[in-house]
1. How many nm is it between the label spots at GLN353 and LEU5, if each spot is 7 Å from the Cα in line with the beta carbon?
2. How many angstrom lie between the C-alpha centres of region 23-88 and region 312-348?
3. State the Kirkwood hydrodynamic radius of region 169-312 in Å, one decimal place, computed from all pairs of distinct Cα atoms.
4. Residues in region 95-117 near a label at ARG156, defined as backbone nitrogen under 18 Å from the 7 Å Cα→Cβ point?
5. What nm distance separates the two modelled labels at ASN104 and GLU399, each placed 7 Å from Cα along Cα→Cβ?
6. Between THR81 and residues 5 or more places away or on another chain, which pairs have amide H atoms under 5 Å apart, with H built 1.01 Å from N, and which residues are they?
7. How many Å² of accessible area per residue for the chain, probe 1.4 Å?
8. By a straight-distance test (C-alpha under 19 Å), which lysines pair with LYS377 as possible cross-link partners, with residues fewer than eight away in the same chain excluded?
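The values are calculated or read from the model by the stated rules, or taken from the named source; none is laboratory data. No experiment lies behind these values; they were computed from the predicted model shown. Here the Cβ positions follow ideal geometry from the backbone for every residue, glycine too, while neighbour counts run over all protein chains shown. The area values use the complete protein model at the heavy-atom level, side chains included, leaving out ligands, DNA and RNA. Shrake-Rupley method; radii C 1.70, N 1.55, O 1.52, S 1.80 Å.
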Amino acid sequence: MDSRLNGSARLMLVSDLDYTMVDHDDRGNTSLLRFNALWEAYYRHDSLLVFSTGRSPLSYKPLRNEKPLLTPDITIMSVGTEIIYGEGDAMLPDDGWQHYLNHNWDRNIVVEETTKFPQLTPQAEAEQRPHKVSFYVDKVEATEIMNVLAERLAKRGLDVKIIYSSGIALDVLPKGAGKGQALAYLLKKFKIDGKLPCNTIVCGDSGNDAELFTLPEVYGVMVGNAQEELLHWYAHNAKSNRRILHATERCAAGILQGIGNFHLGPNVSPRDIKDFQKCKVNIFSPAYEVVKFYLFYEKWRRAEVEKSEQYMQNLRSIFHSLGVFVHPSGMELPFHQCIDAMARLYGDRQGNQFWTWVDQLTSAQIGSDTWLVKFYKWELNENERQCTLTTVLIKSQVEVPDTFTWLHMHQTWLDGFAIANAERWLF
Ligand code: GLC
Ligand code: MG
């Protein structure tokens, strides 16, 4: 099912998007970027990232393009009615799941019966899917309508599930569908393959997430900003479940809190490093090295670290004196020239919405002390996003323990991302 991992995932993190992974009230995406750095530094290589959203493929795409979301390994969309492995060219829908959902389901009958309720306002066409019929309805009327509708559909021979979310959205799905059922289906598949994740954590904020928390053996985080209907469900159904945390932190910060609370692995984001000079963690890995470098690079250009020659000296000792950066434009630049240019660009993005993050980082050890690291490097400046596919050759330093030397770096623009103003693209 997933070709990237040979064995069981150390952690499978299943997260809702809107108001869980993504905080729409935070323009700077602070906690999402903190999560990203943590995931790429410590989890990407041996864990699975799963997004589980109410959005359809059509409405997921703009969110994916707008927010600094990482690339998930698996995406569960349309409230657990569609499961998709991989992304882009490698995208593979789970047809078995689609087929299973046809059981006692007839979309036309659902449409016919729901039309009889004038209080139900159909959602946009993009949200209507083969196994999902969605509406908006007022909170005060929701419960009554759900009861009557369920009865009428049962009378017509259908097995449905009706879910109310965020105090406004009503979804009608096949009974076997939903975020929880889709996850159970995935876990069963993993089990058959002998690849059950060591730990699974689910994260959500609203009604359609509730069933994620009902799976046995999973940890759960209801983020600090969870909706009333989810908290209400928890109070009545799961209060004694020690594996569920109602975080005090909002959105992705709540996810980090949950990882820490259940001791599932590191939960201090490399983004929270204050002093790059002193920063010494116990983890010595190429992934952490790369994540840390780009955070420094970002903070340097935002003038959030001190303008100290010592920092540039450090870089000169980390980047090999004969090393070359193959710029995405195709130009070859000696590392020392890039560092000189970077020194001059101190603070050039100060006060801007300027962020960098890496995605899908993989590293292959190609010698006793050498790694080839590959990742997508993103840069966001105000509303413009750029991305390059980057490979770096790095080597551990024999003389200085816990230190890497960067030997070579090569970047290629991702389709459609070549920029006119390329001289300010460094590393
Ligand atoms: C998302 C979907 C919407 C659905 C809601 C609740 O917002 O876009 O169609 O009704 O989640 O599940
Ligand atoms: Mg949500």
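1. Going by the 7 Å Cα→Cβ label model, 3.3 nm.
2. About 32 Å separates the Cα centre of region 23-88 from the one of region 312-348.
3. Working: mean 1/r = 0.0555 Å⁻¹.
Taking the inverse mean of 1/r over all distinct Cα pairs, region 169-312 comes out at 18.0 Å.
4. 102-117
5. 7.3 nm
6. GLY178
7. 45 Å²
8. LYS67, LYS292, LYS299
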